[in-house]
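The values are calculated or read from the model by the stated rules, or taken from the named source; none is laboratory data. It should be emphasised that the depicted structure is a prediction, and the values quoted were computed from it without experimental measurement. Cβ sites come from the backbone with ideal geometry, for glycine too, and all protein chains shown count toward neighbours. When the accessible area is computed, the model is the full protein with side chains, heavy atoms only, and any ligands, DNA or RNA have been set aside. Shrake-Rupley method; radii C 1.70, N 1.55, O 1.52, S 1.80 Å.
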Amino acid sequence: MRPARAEVSVERCPGGPLLVRGAEVVRDASGVEHEVTRPVVAVCACGMSGRAPWCDGTHKVVAAKRGR
């Protein structure tokens, strides 16, 4: 018998990443699965991260250039 999987939740941070809790993997836009090694991970929502699918804080630079 397999243990019950934890519930996965996703929370959008305004102007920032998606916080994913309880996932075992994150699948990127190309369908590639990335192993999750922490209880909470930040997934890029702006599409500009150099570490996709993970957030690297680039959204802050993008927002600053747009004057936000």
Rounded to whole Å², per residue accessible area for the chain with a 1.4 Å probe reads 78
Using protein chains only and a probe of 1.4 angstrom, how many square angstrom of ARG38 are accessible, to the nearest 10?
140
If I model a spin label as a point 7 Å beyond the Cα along the Cα-Cβ vector, how far apart are those points for SER30 and TRP54 in nm?
1.7
Suppose a student asked you for the relative contact order of the chain, using Cα pairs under 8 Å spaced at least 6 residues apart; what percent would you report?
24
As a test of the definition: which semi-axes, in Å, follow for the chain when you take the square root of five times each eigenvalue of its alpha carbon gyration tensor? Largest first, please.
27, 13, 8
